[in-house]
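Derivation of every value follows stated rules applied to the coordinates shown; laboratory data play no part. Note that the coordinates shown come from a computational prediction; the quantities given were computed from them, not determined experimentally. In this analysis, Cβ positions are derived from the backbone assuming ideal geometry, glycine residues included, and neighbour counts consider all displayed protein chains.
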Amino acid sequence: MLNATFGVSRLTRAMMLGGICMASLMGCSQSNNKTADANTASTASATTAASGDTKSVAITAIVEHPALDAVRQGVIEELGNEGFKEGQNLKVNFQSAQGNTATAGQIAKQFAADKPDAIVAIATPSAQSVIAATNSIPVIFSAVTDPVEAKLIKSWEASGTNVTGASDMLPLEPQIELMKKVVPNLKSVGYVYSPGEVNSTVVLKALETKFKPMGINIVAAPAQRTTDIPQATRGLQGKVQLIYTSLDNNVVSAYESLYQAAKEIKVPLVASDTDSVARGAVAAMGINYKDLGIETGKIVGRVLKGEKPGTIKPITMNKLDLYLSPKHAQEVGITLPQELISQAAQVEPAPKAKQ
């Protein structure tokens, strides 16, 4: 009897212990399931957060030409370095005004309605249009010669508004020295420009001021439209020894036609845009516009990360590069000094001597 009772007791205890273990295992399983569910929920939440972190940047330019295209490429490239990669966590909307200021205004209004996280406005006319369309969306200008004269900002200090950016303003003294080396005894310079572009009229006034004490005369040749450029250039025949071009967007976008006309009248072109040497200029001293785009992209990155544009001081570029083309010089009957050639960052191949 004692043995039977003892056997039952042992069996009962074993069953009780088994039940406890089963319950414990079930509890562990449920706990693990809850942890897994929590992890899944956390992952889903992180994914949602990541998708919510996608930024939108609208970019507009008054026209497409090598310098302004390089700015845009530099901005997008640098944003990738800043952690904002197009197609992943960055949406980019680019619109060109095709040289039309009315179109620039329409693009600006559309961008303001779209409310992107930032707007990059490349060149003065586009920047003016965008700033007229919004005073709340961050605006970062680029390739603007004088943002103060263009009334984008009040001074070169942090604006306290929704605007900041990067200027392509160049010191004129090195430009003038280059002109004098290309044409010794320089007395007359032609300036083909669009009178509707503030960045161009600013340079014209500055050149007049710099040239006057040097005894150098500047002859302005206004060209309101790109189709007016060849005629304006030919009108300088016999009046000037050299034609200087700033980053006038109408002129640069039609540089090949300017070059052909200048070649006809045998007058060398000196530019402030180094890309223009490959397109016909004899010489150019200017900034690298891809680098300008990269510096602009750094500012855009700071804004996307939370900084207010009004607290960021506008910047200018300090490094200038010299590009030369002995070939284009020979076409207009001049020879570039070897000393100048030795200082160039890039020299277009010289033409072969005739046999």
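Computed quantities for the displayed model
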| read-out | value |
| --- | --- |
| Point-charge dipole on Cβ atoms (K/R +1, D/E -1) for region 197-355, about Cα centre, debye to 20 | 160 |
| Label zone at residue 308 (point 7 Å along Cα-to-Cβ), backbone N below 14 Å, region 134-177 | 136-139, 158-164 |
| J(HN,Hα) series, region 303-318, from Karplus relation 6.51 cos²θ - 1.76 cosθ + 1.60, nearest Hz, glycine and proline x | 5, 5, 8, x, 6, 7, x, x, 9, 9, 6, x, 10, 10, 9, 9 |
| Hits among aspartates and glutamates - C-alpha to C-alpha of residue 239 under 15 Å, sequence gap 8 or more where chains match | 264 |
| Reachable aspartates and glutamates from residue 154, criterion Cα separation under 18 angstrom, eight or more residues apart if same chain | 146, 168 |
| Amide H contacts of residue 322 (H built 1.01 Å from N, under 5 Å, at least 5 apart or other chain) | 345, 346 |
| Distance between modelled label sites at residue 106 and residue 339, nm, 7 Å Cα→Cβ extension | 5.5 |
| Links that overshoot a 20 Å alpha carbon limit, given the list 181/212; 91/115; 181/327; 151/290; 205/290; 109/205 | 151/290; 205/290; 109/205 |
| Gap separating the Cα centres of region 287-311 and region 219-275, nearest whole Å | 32 |
| 17 Å Cα-Cα reach of residue 266 towards aspartates and glutamates, excluding residues that sit fewer than 8 places from it in its own chain | 256, 331 |
| In sequence order, calculated HN-Hα J values of region 320-336 (Karplus, 6.51, -1.76, 1.60; Hz; x Gly/Pro) | 10, 10, 9, 10, 9, 9, x, 4, 5, 5, 4, 4, 9, x, 10, 10, 6 |
| For residue 90, distant residues with modelled amide H under 5 Å away | 55, 85 |
| Residues 321, 248 arranged by fewest to most Cβ contacts within 10 Å | 321, 248 |
